[in-house]
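Participant: There's a structure below that I have some questions on.
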Amino acid sequence: MTTHPATDVLIIGGGAAGLMCAITAGQIGKRVVVIEHANRVGKKILMSGGGRCNFTNTGASPANYLSANPHFCKSALARYTPAHFIEMVERHGIAYHEKELGQLFCDESSKLIVKMLLDECAAAGVRVETSCSIERVVHGDSGTFHLHTTRGVLTAPALVVASGGLSIPSMGATGFGYELARQFGHDVLPTRAGLVPLTLSGKHQERLQDLSGVAFPVEAHCNRKSFTNYLLITHRGVSGPAILQISSFWQPGDDLRLDLLPGMDAFETLQRLRHERPATELKNVLGDLLPKRFAQRLCEHWLPNRPMKQFNEPQLHEMADLLGSFPLVASGTEGYRTAEVTLGGVDTDGVSSSTMQSKKVPGLYFIGEVIDVTGWLGGYNFQWAWASGHAAGIAA
């Protein structure tokens, strides 16, 4: 086996967190090697935001993250903010725009973000090895890590695990980071798909599946959390930003409700329309507030369809209750295949929140998606990657 020259920091995973960690460590003079099993780095960056990369969110705060320990992310996020990343983007002349709710996207292509990170790596003397698989990891008596790879043995006193979660296996996602964490005595919290479309079954699916492609704003509520954004009906269930957001808070059996007229008082609206359009049928009245096909479907299965003047106050109240709190009985999710992130992961109790270093094994670090910190939809997961990568890069 070939043994490579001395390295200070070995990073497993050439995604957002791994590359940021490499840049940070390289800039302070560390000799860094990034090992990526895929044929190129940053595959998830390339596909994110429809190829435009939603690289951060200007409003990122600890409140936008899910974790068994909600305080864990505070230190890293406070020390590497969206403004720090934006400064790098601007320095590289990458044009960007704000889409909605603080979400920043490249004007042109996510390839520019990957190029920027690789250029920064090159400037910092970082070596990036792609198509390099790890066969085993050994922690020597001297405290040095030995990585047996398809390119030979790599050794360093610091090992950073930035191998991501289980989402989008077609991009090469595996549970490698979790296995490694367990090998070194870390607890791994149960994982599940997050930011993922929900599937419907039975009556709900039968009634809605032929409306696939219909989209409209809703407020989705589950487990005391709510998000207002678009819902998209799909062949198998529901998607769209409102659903992807709430999916991280939903588990099978949980009560999931949709306000179909967000920002409106449904009862007052129906009362006014009964007064203004007494002879108009409910489906046509609702067809001006919701997509016509969806309004029609509501009146075929969930609401009585007749002229507005034929409804009394209690009936209007009943209809308003359904429109304001429509029960969506989801049967499951589309799973890791389409999930943007993995919830759960390496238990933060075993990791320092300021350095990302293992409390069990000196020199071992966990960053990015592999750890139990998951952001909302909208650039928050990238910001966690940058912030956790930066924290480990300084410390490693």
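The values are calculated or read from the model by the stated rules, or taken from the named source; none is laboratory data. Predicted, not measured: the structure shown is a model, and the values here were computed from it. We place every Cβ from the backbone using ideal geometry, glycine too, and count neighbours over all the protein chains shown. Protein only, heavy atoms only, side chains kept; ligands, DNA and RNA dropped before computing areas. Shrake-Rupley method; radii C 1.70, N 1.55, O 1.52, S 1.80 Å.
Participant: What does the highest-first list of 377-385, 138-146, 357-365 look like by mean Cβ count within 10 Å?
Facilitator: Highest to lowest by the protection proxy: 377-385, 357-365, 138-146.
Participant: Here is a follow-up. Consider all pairwise Cα distances in the range 261-343 and report the whole-number % of them above 18 Å.
Facilitator: Tail fraction, whole percent: 46.
Participant: Let me ask something else about it. Across the range 328-339, in residue order, what do the Karplus-derived ³J(HN,Hα) couplings come to in whole Hz, using 6.51 cos²θ - 1.76 cosθ + 1.60 with θ = phi - 60° and x for Gly and Pro?
Facilitator: Residue by residue, the range 328-339 yields 9, 9, 7, 9, x, 10, 6, x, 4, 3, 10, 5 Hz.
Participant: Between residue 331 and residues 5 or more places away or on another chain, which pairs have amide H atoms under 5 Å apart, with H built 1.01 Å from N, and which residues are they?
Facilitator: Under 5 Å from the amide H of residue 331: 199, 200, 201.
Participant: Roughly how many debye, to the nearest 20, is the charge dipole of the chain about its Cα centre, given +1 on each Lys and Arg Cβ, -1 on each Asp and Glu Cβ, and no other charges?
Facilitator: It comes to approximately 460 debye.
Participant: Using only the Cα atoms of the range 29-93, what semi-axes does the equivalent ellipsoid have when each is the square root of 5 times a gyration tensor eigenvalue? Give whole Å, largest first.
Facilitator: Sorted largest first and rounded, they come to 23, 17, 16 Å.
Participant: Compute the whole-percent fraction of alpha carbon pairs in the chain spaced more than 33 Å apart.
Facilitator: So the portion of pairs separated by more than 33 Å is 39 percent.
Participant: Obtain the radius of gyration and the Kirkwood radius of the range 180-262 from its C-alpha atoms and give Rg over Rh.
Facilitator: Result for the range 180-262 is an Rg/Rh of 1.11.
Participant: Please compute the Kirkwood hydrodynamic radius over the range 1-150, one decimal place, Å, based on all pairs of different Cα atoms.
Facilitator: Evaluated on the range 1-150, it is 17.0 Å.
Participant: Report in % the part of the accessible area of the chain that belongs to carbon and sulfur, leaving out ligands and nucleic acids; probe 1.4 Å.
Facilitator: Roughly 50 percent of what the probe reaches on the chain is carbon or sulfur.
Participant: Can you list residues from other chains, or at least 5 along the same chain, whose modelled amide H is less than 5 Å from the amide H of residue 216?
Facilitator: Sorted by chain and number, the residues that satisfy this are 231.
Participant: Given just the C-alpha atoms of the range 95-227, how large is their convex hull per residue in cubic angstrom?
Facilitator: That works out to 229 Å³ per residue.
Participant: With a ≥ b ≥ c the root eigenvalues of the C-alpha gyration tensor of the range 258-297, is it rounded (a/c under 1.5), prolate (a/b larger than b/c) or oblate?
Facilitator: The shape class here is oblate.
Participant: Given the Cα-Cα distance of residue 301 and residue 136 and 0.36 nm per residue of separation, how much length would full extension add, in nm?
Facilitator: 53.7 nm
Participant: Counting GluC sites (Glu not before Pro) as exposed when in a DSSP loop with at most 16 other beta carbons within 10 Å, what is the longest stretch of the chain free of them?
Facilitator: Result, exposed sites excluded: 109-396.
Participant: Also, quick follow-up: Output the antiparallel fraction of DSSP beta bridges having both residues in the chain, as a percent to the nearest 5.
Facilitator: In the chain, approximately 75 percent of DSSP beta bridges are antiparallel ones.
Participant: If the only charges are +1 at each Lys and Arg Cβ and -1 at each Asp and Glu Cβ, what is the size of the charge dipole of the range 161-258 around the Cα centre, to the nearest 20 debye?
Facilitator: The calculation lands at about 100 debye.
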